[in-house]
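The values are calculated or read from the model by the stated rules, or taken from the named source; none is laboratory data. Nothing here was measured: the structure is a model prediction, and the numbers come from that model. Every residue, glycine among them, receives a Cβ derived from its backbone with ideal geometry; neighbour counts consider all protein chains shown. Accessible surface areas use protein heavy atoms only, side chains included; no ligands, DNA or RNA. Shrake-Rupley method; radii C 1.70, N 1.55, O 1.52, S 1.80 Å.
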Amino acid sequence: MAEKRAVPPGECTQCWSHSKVHSRWMGLFDTEDCAPCLNHKDHGCPPNMIVPKPKNSWW
């Protein structure tokens, strides 16, 4: 079973998990592409799926 890792700030949750958790695309053939990944590649990641970065405050 794949270990659960936290998505780093500034990364898309779907894109990060699809690149790190191989069970997401294990059922695809070598010539097939993941439809959600292609959608994010073509249209960009939706803002609600990007993990917010912590507010930077130095004072």
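A compact table of results
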item	result
Per-region count, region 1-13, residues part of a loop (DSSP other than H, G, I, E, B) and surrounded by 13 or more Cβ atoms within 10 Å (Cβ to Cβ)	2
Hits in region 33-49 (condition: loosely packed, with under 12 Cβ neighbours inside 10 Å, assigned to a helix (DSSP H, G or I) and of a type in the set (D, E, K, R))	ASP42
Restricting region 14-32 to residues that are touching a helix residue (DSSP H, G or I) at 6+ places or on another chain (Cβ under 9 Å) and of a type outside the set (Lys, Arg), the residue that is surrounded by the most Cβ atoms within 10 Å (Cβ to Cβ)	GLN14
Filter result for SER57 (assigned to a loop (DSSP other than H, G, I, E, B), open to solvent by 50 Å² or more (accessible area, probe 1.4 Å) and small (Gly, Ala, Ser))	yes
